[in-house]
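J.: I am attaching a structure below and will ask some questions about it afterwards.
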Amino acid sequence: MKIDWAALASVFGVSLVVTVALVGLFTLGIVALSKLSAASGGTVGGGSAVLARTSAYACFAACTAAVAYGIYLIVA
């Protein structure tokens, strides 16, 4: 049995980068939601709350799309 180490390293590198990117994106969504809760209790205007909610939903939607695409690649 022969292992293609270059292909294995490539898959490992891509999966590591994508995992870190998805965790970072999800973290940005959580931070945006925390800004939303801070804005609702503080003196920040309504425009900031709308921007925080929109960016949080966009981050979560991008994470969902990336996970769905990964599942599609596995199934197909």
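J.: Residue by residue through segment 6-17, what is 3J(HN,Hα) from phi via Karplus (6.51 cos²θ - 1.76 cosθ + 1.60, θ = phi - 60°)? Round to whole Hz and write x for glycine and proline.
T.: Karplus-based 3J(HN,Hα) across segment 6-17 equals 5, 5, 5, 5, 5, 5, 4, x, 5, 5, 5, 5 Hz.
J.: Hey, what number do you get for the chain at 222 nm if only DSSP H runs of n ≥ 4 count, each worth -39500 (n - 2.57), divided across all residues, to the nearest 500?
T.: -32000 deg cm²/dmol
J.: Nearest 10 degrees, 0 to 90: what angle lies between the long axis of helix 46-75 and the longest principal axis of the chain (Cα atoms)?
T.: 20 degrees
J.: Next up: Over the chain, what percent of the accessible surface lies on carbon and sulfur atoms, probe 1.4 Å? It would help to have the intermediate numbers written out before the result.
T.: Working: 4410 of 5740 Å².
That share works out to 77 percent.
The values are calculated or read from the model by the stated rules, or taken from the named source; none is laboratory data. Computed from a prediction, not measured in an experiment: that's the story for all the values here. Surface areas here come from the heavy atoms of the whole protein model, side chains and all, with no ligands, DNA or RNA. Shrake-Rupley method; radii C 1.70, N 1.55, O 1.52, S 1.80 Å.
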